[in-house]
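Visitor: This is the structure, below, for whatever I ask next.
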Amino acid sequence: MAIAAEVATIPVELIDTADLPDGGTLRLLRRGDDYSIRFRDNELMGNQVRQSEEALAILACQRLPHHDSRVLIGGLGMGFTLGAVLKSLPATAAITVSELVPAIVEWAKGPLAHLFHDYLADARVSLEMGDVHDAIVKETVGYDAILLDVDNGPDGLIHLANERLYCNWGLRAAHAALRPKGILAIWSAYADDDFVARLEHARFDVDEVQVAVLIDGENTTHRIWFATRQE
C-alpha cells in the first residue's frame, strides 16, 4: 500500500498529443517511468500492461504453418506486438507494419524509443503509413498472418473507419488477403459474441483466447481471436 501511495503522488505529465482523422485526440502521458497512450478516458496502451499485446504476436506465430512468413501488423502502439513477432520469427520473415497516425511513429523514435529498441531498423520490418484496411484490400500475394490491434476491440471507437475491418465485407477482404491456413488475429479489451459469429460466417475457424492482465491493481481479461482461413 505504501508503494501505491507513493506512485499516486507522482505527477502525470502530458508528453504530446496526436490528432486523429475523425477529429479525436490521442494523448501520450508519463508518470515516473510509466507511459500511457490514452483516448478520452480509455487507456489504449501502457508499458506496464503488455502481456496481451505480446500474446497476440507469440500465439499467432506459433499457429503459422511455417516460420518463413509474411506478416501484417495493424497498429504500431508501443512496439510490444512488433517486438514479440521479431523474437518469434527467423531472419527470412517479412513483417509490414501499417500505422495511420504519424505522431505514433515520432513517439517510437522519440519519447518511447527505449521501448522500441531497434525494432524499426530491423531488416525484416517495413513501415507503411496509412490505414491497415487499405493494406488488406490491395494485397495480392497473400499474408500468412494479419495482426490487428488498432482499436479497443472490434469497433470504431478511436477511428470510425475501423468499422470496415470488422464488418462482414471487411472480414471477407481479410480472408482474401490471407494465404490458405493464414491467421487473422484480433486483440480486444472485451468479449463480443456477435463478432465471433461474423468471423465464422466469413469462413474462419475461430479460437478465442483469454489473457489475464492486471490494470491499476485490478484483475481483468483481454480477448484475442485467432481466426484461421478455411480452404
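The values are calculated or read from the model by the stated rules, or taken from the named source; none is laboratory data. All of these numbers come straight from a predicted model, not from anything done at the bench. Note that each Cβ is placed from the backbone with ideal geometry, even for glycine, and that neighbours are counted across all protein chains shown. Ligands, DNA and RNA are excluded from the accessible area calculation, which covers all protein heavy atoms including side chains. Shrake-Rupley method; radii C 1.70, N 1.55, O 1.52, S 1.80 Å.
Visitor: Within the chain, what percent of beta bridges assigned by DSSP are antiparallel, to the nearest 5?
Guide: 65 percent
Visitor: Compute the length gained on full extension between ASP193 and ALA113: take 0.36 nm times their separation in residues and subtract their Cα-Cα distance, giving the result in nm to one decimal.
Guide: Contour length minus Cα-Cα distance gives 25.1 nm.
Visitor: Taking amide H atoms as placed 1.01 Å from N in the peptide plane, list the residues 5 or more away in sequence, or in a different chain, whose amide H sits under 5 Å from that of GLN48.
Guide: It is TYR35, by chain and number.
Visitor: Report the full-extension gain for the segment ASP33 to LYS138: residue separation times 0.36 nm, less the Cα-Cα distance, to one decimal in nm.
Guide: 33.8 nm
Visitor: Any chance you could run the full-extension gain for ARG172 through ALA91? It's 0.36 nm times the residue separation minus the Cα-Cα distance, nm to one decimal.
Guide: Extra length available between ARG172 and ALA91 comes to 26.1 nm.
Visitor: May I pose another question? Quick check on the chain: helices-only [θ] at 222 nm, where DSSP H runs of length 4 and up contribute -39,500 (n - 2.57) each and the sum goes over total residues. Nearest 500, please.
Guide: Calculated at 222 nm, the ellipticity per residue is -8000 deg cm²/dmol.
Visitor: In Å³ and rounded to a whole number, note down the convex hull volume per residue for the Cα atoms of segment 1-118.
Guide: 124 Å³
Visitor: Is segment 99-219 rounded, prolate or oblate when judged by the Cα gyration tensor, a ≥ b ≥ c being the square roots of its eigenvalues, rounded requiring a/c under 1.5 and prolate requiring a/b larger than b/c?
Guide: Cα axes put segment 99-219 in the oblate bin.
Visitor: Taking a ≥ b ≥ c as the square roots of the Cα gyration tensor eigenvalues, with a/c under 1.5 meaning rounded and otherwise prolate when a/b beats b/c, else oblate, which class fits segment 73-153?
Guide: Oblate shape, in that a/c is at least 1.5 and b/c is the bigger or equal ratio.
Visitor: Residue by residue through segment 101-114, what is 3J(HN,Hα) from phi via Karplus (6.51 cos²θ - 1.76 cosθ + 1.60, θ = phi - 60°)? Round to whole Hz and write x for glycine and proline.
Guide: So the J values, rounded to whole Hz, are 9, x, 4, 4, 5, 4, 5, 4, 9, x, x, 10, 4, 5.
Visitor: Would you mind checking which residues have amide H under 5 Å from LYS181's amide H? H placed 1.01 Å from N; only 5 or more apart, or other chain.
Guide: ARG229
Visitor: To continue, here is another question. May I ask you to work out the translational diffusion coefficient for the chain at 25 °C, viscosity 0.890 mPa s, via Stokes-Einstein with Rh from the Kirkwood sum over Cα pairs, reported in whole µm²/s?
Guide: 136 µm²/s
Visitor: Between ARG179 and ASP122, what is the label-to-label distance in nm when each label sits 7 Å out along the Cα-to-Cβ direction?
Guide: Spacing of the two 7 Å Cα→Cβ label points: 1.8 nm.
Visitor: I'd like the accessible area for GLU128: 1.4 Å probe, protein heavy atoms, all chains in place, Å² to the nearest 10.
Guide: Accessible surface of GLU128 is approximately 70 Å².
Visitor: In Å², what does the accessible area per residue of the chain work out to with a 1.4 Å probe?
Guide: 47 Å²
Visitor: Among the lysines, select those whose C-alpha is under 29 Å from the C-alpha of LYS109, and discard any that sit fewer than 8 residues away in the same chain.
Guide: Here the lysines satisfying the reach criterion relative to LYS109 are LYS87, LYS138.
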